[in-house]
Structures are given as C-alpha cells and as structure tokens.
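Written out below as structure tokens is the structure these notes cover.
The values are calculated or read from the model by the stated rules, or taken from the named source; none is laboratory data. Fair warning: this is a prediction, and the values are worked out from it, not measured in the lab. Here the Cβ positions follow ideal geometry from the backbone for every residue, glycine too, while neighbour counts run over all protein chains shown.
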Amino acid sequence: MLSRVNAINWNRLEDEKDLEVWNRLTSNFWLPEKIPLSNDVPSWQTLTAAEKQLTIRVFTGLTLLDTIQGSVGAPTLMKSARTPHEEAVYTNIAFMESVHARSYSSIFSTLCSTREVDDAFRWSEENPLLQKKANLILERYDADDVMKQQIASVFLESFLFYSGFYLPMHWSSHAKLTNTADLIRLIIRDEAVHGYYIGYKFQQRYQEASAERQEEIKAFAFDLMFELYENEVRYTQSLYDEVGLTEDVKKFLHYNANKALMNLGFEPLFPKSTTDVDATIMAALSPGADENHDFFSGSGSSYVIGKAVATEDEDWAF
Amino acid sequence: MTQIVYFSTKSGNTRRLVEKLQRDAKRIPFESGEPLPVTTEPYVLIFPTYGGGEVKGAVPKPVIHFLNDERNRRHLRGVVGAGNTNFGTAYCLGAHIVARKCQVPLLHCFELLGTPEDVAILHQELDRV
Ligand SMILES: Cc1cc2nc3c(=O)[nH]c(=O)nc-3n(C[C@H](O)[C@H](O)[C@H](O)COP(=O)(O)O)c2cc1C
Ligand SMILES: [Fe+2]
Ligand SMILES: [Fe+2]
C-alpha cells in the first residue's frame, strides 16, 4: 500500500509560532547586493596587513559555520520536524544560511585579492581549532538524538558565531568597514530568530520529557557548552592576541553563551562581572541598548525609526 | 504596591522573568478573543518587542488593544522592555514606543529570561514608582 502524502496547509496550524516565525523570516529576507560594500574599499586600505589577514580569517571561519548550518544543521532538524510548517521554517533557515555564507564571498570579492582569500580558505581547512569547533557540532548532528541536535544547533546559532561577529563590530566602532558591519548586523538579526525558534522547539520536547531524561539533557547541554567554550577561548586567543582584543572578545563570548543557554530555557551561567563587554562594542551592536538613548531624535537609523513611529501600526486607537 | 501587567507569547521568556519577581502580576492573554484585563490600580507594563527589527509589529497587538482602553492608560506608571540586542536599533523598540506614546518612563530593558542583576534592578524600580 502506498503511504499517504500530505500537502502543507498554512490555514490549519498546530503551532502559531510556526507562521509567526515564517512571516518574520520571509519579511526579513535580504541579499548582500542590498549593501553598498564597495564604499568600504577606502577604509579597507587603512587596515594593516595583519588586520586584513585577521578580518579575512574571521570571515572565513564564519563562512564555515554558515555552510554547516545550511547544508547539515537545518536539514537535520527538518527530519524531526513535528509539523509541516516547522519543516518549512527550516527550509527558510537553510536557505538564509546559504545567503549568509554567500555574503562573505561578496565582501571578499569587493575588498580582497584572490590570493589573500585562497590563503584564508586554506587556513580554515588546516586550522585545528576551527576544525574542532565544526566537528564538535557535526558529531551531534550525526547522532540520532533530536534534543541533542537542537542543543548543538542553538549553540552554533547563538554562541559560536560571536568570536567572529566581534571583529566587524570593533571596526564599526572605529568608523571602519561600516557597510560590512551593516551586512553583519543583518546576519546577527537573522541568527537571533534562528536561535530563538530552534530553542523554542527544543523546550517543547524538554517539557514533555521525564525528570531523568531532563537531567540527562541538561547535563549534556552544559557539558557541550563547556567543551565548545574551551575551544572558543583558544580560537579567540589564536586570532585576537596579536591585536590585543582577546580579553574583551572573551567577555562577548560569555555574554552570548548566556543568551544561547537562555534560548534553550536555561538560566545564564556567566556572572555579570565577566560579561561586561566594552560599551563601544555594545553600541555598535545595538545603539538602543543604553536606556538613555533617545530613539526619537538624533541621526541615522534611530532618526528614521522616530519618523516612522507616527505611522507604525493601524491598531492604535489613540 | 505597584502591580505588574505583562505580556508573553508561547515561548514564555517574559513570563519566566515575571515569575522570578514573585510579585502580584496579571497577564495579557496572547490568544485573540480572550478578554483583556482592565486595571484599577497603578501598574508597570512588561512586554517583549516583536517587530523583528522593524517598527511595524514592535508592540504586540494584544498590548496595543490593552492600551487602547483608556482606563489602562490612566493607571500606567512605567514600562519595562524585553528583547534581544541582536535586533540592533530595534532593541526593545516596542517599549520605547509605548513609553513615548503614553508619556511614562521606560524603567528598564532586559534580554530573554533576564539575569539576576535584571531581577534586582526591577525590584528596585518597582519599589520606586
Ligand atoms: C519574530 C521575532 C521578532 C523579534 N523582534 C524583536 C525586536 O524587534 N526587538 C527586540 O528587542 N527583540 C525582538 N525579539 C526578541 C524577543 O523580544 C525576545 O525573544 C523575548 O524574550 C520574547 O518574549 P516572550 O517569550 O515572552 O514572548 C523578537 C523575537 C522574535 C521571535
Ligand atoms: Fe547564518
Ligand atoms: Fe542561522
């Protein structure tokens, strides 16, 4: 007998989050062509050879993670999706990861020479710390335990990228490579929704599990976090010692490790004294993070938001 | 004591932060069709931003509908934003919008489940308003 095949019906939802996240991801769709990267060429010329090499290596490392998530991570999660809508969200995530990976090559072709880029890709294939980070995740994707796959996936989306994301935020805070930073901010926004959604699907399964199973899973999550963290610290040192940024990048790692754990529903691990990232980096990431920041006057994107507030939502009745 | 009114979707991050405060709190339901609370005393409003980086959708619809009731605007004393700094300039934008529209202070912003420091700050702010 043939098994029955079902067509996806978006008008019958089992979980409204699927549609909400689908709508958000599709309306946030973007391509690197949207960003005028070539405006960064003069600024790129001001970087030293070592700074250029660091930047290309960092972006190559990010490319590797996006490649894994697009071709293995999201397709793995698709197999255990509980609703056709959840499956569809993962197809979107998979595609956006490919857009992210593609974007780094757009940055390279705009700013760098072919030789510099070829060298960096070779470096990424030979660098033991980067390869270890990739393999720690891939091993969990390979093992047949859905919750463990989801945990590894949230750690990739919400933790492992951040040793890399730090650098364009650093350049941006020095008014360098600001268009590249705009592109990276689009990626950072996408990763937030990815980490949130996979973490949400994880928490549904976790809630249903027995107390023993919950204990096993929680221990697995913290063990994996420690293992990844240790490797991230060494990766960070190998890249950033030369430019004297390692200590602040580590704070950024702690800050984001906490957020990755929170996406899984676990309480943050690193205390505040170890997560106080340099204020200029936080401002480059999120100019509104300071409560005293006035969204509604000033310049740049916050000004645009200020003007838009008047027309923002038809539901307001006052 | 100042009451808390909060909104949280099915992911429940904001709900868990509010539970950690262990104070009197009312939830704005997220299913449409359920009756919205009507306040009779001063309160602080806690809710997440959901615009995905945009202005549109930043304030969740149930929060808008709740505030469309004049009685709920009259008792509002302050706003607390939940969000994620990954959304850049739109971090807790919904809370900024409501604070400005209703002319009340934005007391604090926190990310996801909040940290122990966020909980301490919120206790301080709630005792103060
Ligand atoms: C689709 C989507 C859009 C979001 N948009 C924003 C945003 O524009 N600004 C922000 O600060 N946080 C944003 N967030 C983060 C949420 O506010 C955050 O995850 C919050 O903890 C959710 O609260 P809840 O679980 O109580 O619903 C968004 C999250 C999602 C899933
Ligand atoms: Fe990505
Ligand atoms: Fe992602």
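Among the residues of the stretch A:1-44, those that are aliphatic (A, V, I, L, M) and within 23 Å of A:A192 (Cβ to Cβ) comprise A:L13, A:L19, A:V21, A:L25, A:L31, A:I35, A:L37. Counting only helices (runs of 4 or more DSSP H) that sit completely within the stretch A:21-140, those holding 1 or more residues that are within 16 Å of ligand 1 (Cβ to nearest atom) and free of Cβ contacts under 8 Å to residues at least 24 places away in the same chain correspond to A:84-111. Here A:F202 clears all of (1) more than 15 Å from ligand 1 (Cβ to nearest atom); (2) in a helix (DSSP H, G or I) except the condition numbered (1). From the list A:F155, A:F165, A:F220, the one residue that fits, being touching an Asp or Glu at 6+ places or on another chain (Cβ under 9 Å), within 16 Å of ligand 2 (Cβ to nearest atom) and aromatic (F, W, Y), is A:F165.
If you go through the stretch B:17-39 and keep only what is over 10 Å from B:P62 (Cα atoms), of a type outside the set (D, E, K, R) and either near ligand 1 (Cβ under 10 Å from one of its atoms) or part of a helix (DSSP H, G or I) (or both), you end up with B:L17, B:V18, B:L21.
Taking the stated definitions as given, is B:T14 within 10 Å of the chain's Cα centre (by Cα) and not in a strand (DSSP E or B)? Against the criterion (within 10 Å of the chain's Cα centre (by Cα) and not in a strand (DSSP E or B)), B:T14 qualifies.
Would you please name the residue that is farthest from the chain's Cα centre (by Cα), looking only at residues in the stretch A:1-22 that are at pLDDT 90 or above and of a type in the set (A, V, I, L, M)? Here the residue is A:A7. Can you tell me which residues in the stretch B:1-11 are touching a Leu at 6+ places or on another chain (Cβ under 9 Å), in a loop (DSSP other than H, G, I, E, B) and not hydroxyl-bearing (S, T, Y)? B:M1 - this is the single residue of the stretch B:1-11 that is touching a Leu at 6+ places or on another chain (Cβ under 9 Å), in a loop (DSSP other than H, G, I, E, B) and not hydroxyl-bearing (S, T, Y).
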